[in-house]
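K.L.:
Below you'll find the structure I mean.
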Amino acid sequence: MKRNFIPYGKQYIDEDDINEVIKVLKSDYLTTGPEIEKFEADFAKYVGSKYAVAISNGTAALHAACFATGINIGDEVITTPMTFAASANAILYCGGIPVFADINPLTYNIDPEKIREKITNRTKAIIPVHFTGQPCDMDEINNIAKEFNLTVIEDASHALGAIYKDRKIGAISDMSTFSFHPVKHITTGEGGMITTDRKDLYEKLILFRSHGITRNNDLLEKKNEESWYYEQCELGYNFRITDIQCALGRSQLRKIDMFVNRRIEIANIYNEAFDKIDWITIPYQDNNRLSSWHIYILKFDLNKLNMKRNDIFNILKTKGIGVNLHYIPVYLHPYYKKLGYERGLCPEAESLYEYIITIPLFPMMTDEDVERVIESVINL
Ligand SMILES: *Cc1c(COP(=O)(O)O)cnc(C)c1O
């Protein structure tokens, strides 16, 4: 008998979520209505930031943050290769140049010392990514940023609910970006958010989300015009999010503690089980930070096992375990190779990539599911 397939990630939607969406569908506004500001306020309160800007998806959030930073043709932005392509693509959208700094092989996160080595007089910003939900070395990164006058944009797509030295991710750097894709901590179907404490950045983000058009008298070139008057002062996009999505987002956010706690609970069960296996390295955890565990990654000692990574991947797939791979180092993709990036640029990231597999982790997993994943891995 073929057993149920356990995906690597999945949303959790309950009756409350459904009812909140229905309410919006029956209301006057499907978009540009009241749910958007309410979602932003709830989100800002949760992470502890002054402002939050809801946007159409996590990639648009990164794009908006690069725009607000002022990234332009030829500007260099330092990021990690161990991420989803969007973290680097956002730099390209603005005409900037992604500069990849290697990871720390222990934490899998961008190495602050490697960031330092990559700084030139064209460097404008750093985009650290809290890979798997494990916070980066934010004190070190922000110190470097201060020293060289750089903007820090945290790609926190994996890290809603994560904590760095008693502060929630989203309230630390110039800006932080989040994604609400269904595999992330909360979902709006598609959706994203940027958090910041800076009013100047907040105003640019709001402009960028909606065509660069404003009615804000402070920003208008012609002051005190008629009430219908507006100006386009930047080249923005239509990256708006709908009220339908924001109502779902607000309802999801009410469950965030449950979501994060269950993820931590499952990760702890995995850690305990896999730590005993001498051909597995479990993910690193730091004492003064809390991962929100977006994904769970195993590193295999292929020599000890005398197996190929692809064989492990296929065996687990056959057993109905939704394995995945996070990530192919960004610059190894053909598009980036065409831009001139070459293998060997970040040896630690390239090496890690050869040995890792992502196993299922999402709040709805039953203890039985978790046991089945452990059994399947241990008895390859
Ligand atoms: C999911 C994700 C994004 C993009 O988010 P979307 O909402 O899918 O556009 C960006 N960066 C990282 C690291 C992600 O995991």
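K.L.:
Checking Leu219 against (1) surrounded by fewer than 22 Cβ atoms within 10 Å (Cβ to Cβ); (2) at pLDDT 95 or above; (3) of a type in the set (A, V, I, L, M), which single condition isn't satisfied?
P.N.:
Exception for Leu219: condition (2).
K.L.:
Identify the single condition in (1) touching a helix residue (DSSP H, G or I) at 6+ places or on another chain (Cβ under 7 Å); (2) modelled with pLDDT under 95; (3) small (Gly, Ala, Ser) that Ser227 does not satisfy, given that it satisfies every other one.
P.N.:
Unmet condition: (1).
K.L.:
Okay, next question. Mind counting the residues in segment 150-164 that are out of contact with any helix residue (DSSP H, G or I) (no Cβ under 8 Å at 6 or more places or on another chain) and more than 10 Å from the ligand (Cβ to nearest atom)?
P.N.:
Selection size over segment 150-164: 1.
K.L.:
Limited to segment 144-173, what total is found for residues that are crowded, with 21+ Cβ neighbours inside 10 Å and either part of a loop (DSSP other than H, G, I, E, B) or of a type in the set (Lys, Arg) (or both)?
P.N.:
13
K.L.:
Residue check: is Leu106 more than 15 Å from the ligand (Cβ to nearest atom), among the hydrophobic types (A, V, I, L, M, F, W, C) and not in a strand (DSSP E or B)?
P.N.:
In short, yes.
K.L.:
Quick one: in segment 201-231, of everything that is within 23 Å of Thr59 (Cβ to Cβ) and without any contact (Cβ under 8 Å) to a residue 40 or more places away in the chain, which residue is nearest to the ligand (Cβ to nearest atom)?
P.N.:
It comes out as Ser210.
K.L.:
Can I ask one more? Going by the structure shown, is Gly70 small (Gly, Ala, Ser), surrounded by fewer than 20 Cβ atoms within 10 Å (Cβ to Cβ) and farther than 17 Å from Ile256 by Cα?
P.N.:
Answer is yes for this residue.
K.L.:
Name, by its number, the condition in (1) modelled with pLDDT under 95; (2) within 16 Å of the ligand (Cβ to nearest atom) that does not hold for Asn4.
P.N.:
Unmet for Asn4, out of (1) modelled with pLDDT under 95; (2) within 16 Å of the ligand (Cβ to nearest atom): (2).
K.L.:
Give the residue, chosen from Gly96, Gly74, Gly58, that is of a type outside the set (S, T, N, Q) and within 17 Å of the chain's Cα centre (by Cα).
P.N.:
Gly58
K.L.:
Name every residue in segment 285-308 that is surrounded by 15 or more Cβ atoms within 10 Å (Cβ to Cβ) and assigned to a loop (DSSP other than H, G, I, E, B), in order of residue number.
P.N.:
Across segment 285-308, the qualifying residues are Asp286, Ser291, Ser292, Trp293, His294, Ile295, Met307.
Let's see how each residue does on (1) assigned to a helix (DSSP H, G or I); (2) modelled with pLDDT of 95 or more; (3) of a type in the set (Val, Ile, Thr):
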| site | (1), (2), (3) |
| --- | --- |
| Gly9 | no, yes, no |
| Ile13 | no, yes, yes |
| Lys45 | yes, yes, no |
| Ser49 | no, yes, no |
| Ala52 | no, yes, no |
| Thr59 | yes, yes, yes |
| Cys66 | yes, yes, no |
| Gly74 | no, yes, no |
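K.L.:
Cβ-Cβ distance below 7 Å, separation of 6 or more or different chains: which pairs start in segment 234-245 with a residue that is within 9 Å of Glu35 (Cα to Cα) and end on one that is outside any strand (DSSP E or B) and of a type in the set (D, E, K, R)?
P.N.:
Within 7 Å, the pairs are Asp243/Glu35.
K.L.:
Yes or no: segment 82-100 includes at least one residue that is over 22 Å from Met193 (Cα atoms), in contact (Cβ under 8 Å) with a residue 24 or more places away in the chain and in a helix (DSSP H, G or I).
P.N.:
There is no residue in segment 82-100 that is over 22 Å from Met193 (Cα atoms), in contact (Cβ under 8 Å) with a residue 24 or more places away in the chain and in a helix (DSSP H, G or I).
K.L.:
Shifting gears a bit: Identify, please: which residue in segment 240-265 is more than 19 Å from Ile295 (Cα to Cα) and of a type in the set (Lys, Arg) and is, among those, surrounded by the most Cβ atoms within 10 Å (Cβ to Cβ)?
P.N.:
Checked segment 240-265; the qualifying residue surrounded by the most Cβ atoms within 10 Å (Cβ to Cβ) is Arg250.
K.L.:
For segment 121-143, check the following and say yes or no: at least one residue is more than 24 Å from Asp197 (Cβ to Cβ), away from the ligand (no atom under 16 Å from the Cβ) and surrounded by fewer than 24 Cβ atoms within 10 Å (Cβ to Cβ).
P.N.:
yes
The values are calculated or read from the model by the stated rules, or taken from the named source; none is laboratory data. Small disclaimer: the values here were computed from a predicted structure and weren't measured. FYI the Cβ positions are ideal-geometry reconstructions off the backbone, even for glycines, and counts take in every protein chain you see.
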